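This report refers to the structure that appears directly beneath it.
The values are calculated or read from the model by the stated rules, or taken from the named source; none is laboratory data. Since the model is a prediction, treat every value here as computed from it, not as a measurement. Here Cβ is always computed from backbone atoms with ideal geometry, including for glycine, and neighbour counts include all displayed protein chains.
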Amino acid sequence: MSRQLPLLLPLHRFALDDGPGIRTTVFFKGCPLSCVWCHNPETISTECEIACYPQRCISCGECLGVCPTGAITLEPLVRISRTTCTACGRCAETCPALALERRGEYLPAGELVALLLRDRLFYESSGGGVTFSGGEATVHMDYLEQVLRDLKQRGIHTALQTCGLFDFEHFSTRLLPRIDLIFYDIKLLDPDQHQRFTGRDNRPILDNFVRLTGMAREKLMPRVPLIPGITATRHNLTGIASFLRGLGYGQAELLSHNPGCREKRLAIGREIPEEPTPDMMTIEDESRCRELFFSALAGEPA
């Protein structure tokens, strides 16, 4: 398959949390950020990866006979040498216990559109559509533009979840006219903190948001992930709320944290960040964060 195509994870059909109505969510591999709390670490790299789950292994040895590089051993459960593995996927194809799984498949744009249109009846009856997520879908601008064009020609509602780090001119001319709703993440307002916890400067992200607000405010829904001790602090939440209020926003979404990312990182052999991975936020703490943020967004005194 052509290396010009992006790698995709399995489609999430009948999604109810990725925009209005019943939706199908498309997950792209590849992201310019490396957030220490990333909920989908298997989407950070643009390359195919093999997820390894030794706890599922039945020690049948089928994988040993198909690995072309000898990257797999049984000790007595399956292990992968990440320095030797080429992620060809043969082991995942032969594993009867799903202890080895391929993360990433190539799919031509036309085939993806055909799959997405299978649920058209559900989109139309519920006010739903298709949401593009990741990773960061805008990393694959050419492919995404083609899929969006084909969907909009058929009247399908489209949404995008983005970290906001993209080429603004290409985005605004090639993608924006074909997107109905944009979930735009604003994680941290302080540039040093953003660099520390995501690996990138946030100034281009904030600049893109301000420029998009001037062009298509009605399409934008800002979102803030609630990460204990990182984004879910009084200083950060009130700062982001003030930033949004200054741009005229009265609405935003706060995203709850899922600490299961550590297990996902281990499965694909990705290093655990030196920064501690936050635990689940208590219901009481999350409630206080929400009250603080939305009070500040409304301009109420803290």
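Count, please, the residues in region 175-231 that happen to be modelled with pLDDT under 95 and in contact with a Gly (Cβ under 8 Å, 6 or more places away or on another chain).
0
Quick one: is residue 269 on the phi > 0 side of the Ramachandran plot, in a loop (DSSP other than H, G, I, E, B) and touching a Lys or Arg at 6+ places or on another chain (Cβ under 6 Å)? Write out each step before concluding.
On the way: on the phi > 0 side of the Ramachandran plot: yes; in a loop (DSSP other than H, G, I, E, B): yes; touching a Lys or Arg at 6+ places or on another chain (Cβ under 6 Å): yes.
Against the criterion (on the phi > 0 side of the Ramachandran plot, in a loop (DSSP other than H, G, I, E, B) and touching a Lys or Arg at 6+ places or on another chain (Cβ under 6 Å)), residue 269 qualifies.
Every residue, every condition in (1) more than 19 Å from the chain's Cα centre (by Cα); (2) crowded, with 23+ Cβ neighbours inside 10 Å; (3) in a helix (DSSP H, G or I), yes or no:
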position	(1), (2), (3)
121	yes, no, yes
138	no, yes, yes
141	no, no, yes
148	no, yes, yes
152	yes, no, yes
155	yes, no, no
158	no, no, no
171	no, no, yes
177	yes, no, yes
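Scan (1) assigned to a loop (DSSP other than H, G, I, E, B); (2) touching a residue at least 12 places away in the same chain (Cβ under 8 Å); (3) closer than 30 Å to residue 103 by Cβ for the single condition residue 204 breaks and write down its number.
Failed condition: (1).
Kindly indicate the residue of region 76-110 that is in contact with a helix residue (DSSP H, G or I) (Cβ under 7 Å, 6 or more places away or on another chain) and part of a loop (DSSP other than H, G, I, E, B) and also farthest from residue 27 (Cα to Cα) among those meeting that condition.
77
Quick one: in region 18-55, of everything that is surrounded by fewer than 17 Cβ atoms within 10 Å (Cβ to Cβ) and out of contact with any strand residue (DSSP E or B) (no Cβ under 9 Å at 6 or more places or on another chain), which residue is nearest to residue 118 (Cα to Cα)?
Step by step, filter region 18-55, then rank; the result is 34.
Residue-wise test of (1) part of a helix (DSSP H, G or I); (2) surrounded by 15 or more Cβ atoms within 10 Å (Cβ to Cβ); (3) among the β-branched types (Val, Ile, Thr).
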site: 187; (1), (2), (3): no, yes, no
site: 193; (1), (2), (3): yes, yes, no
site: 197; (1), (2), (3): yes, yes, no
site: 211; (1), (2), (3): yes, no, no
site: 223; (1), (2), (3): no, yes, no
site: 229; (1), (2), (3): no, no, no
site: 235; (1), (2), (3): yes, no, no
site: 239; (1), (2), (3): yes, yes, no
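Scan region 62-75 for residues that are under 26 Å from residue 46 (Cα atoms) and assigned to a loop (DSSP other than H, G, I, E, B) and report the count.
6
Going through region 7-17 one residue at a time, which ones are in contact with a strand residue (DSSP E or B) (Cβ under 7 Å, 6 or more places away or on another chain) and either free of Cβ contacts under 8 Å to residues at least 24 places away in the same chain or closer than 26 Å to residue 228 by Cβ (or both)?
12, 15 - these are the residues of region 7-17 that are in contact with a strand residue (DSSP E or B) (Cβ under 7 Å, 6 or more places away or on another chain) and either free of Cβ contacts under 8 Å to residues at least 24 places away in the same chain or closer than 26 Å to residue 228 by Cβ (or both).
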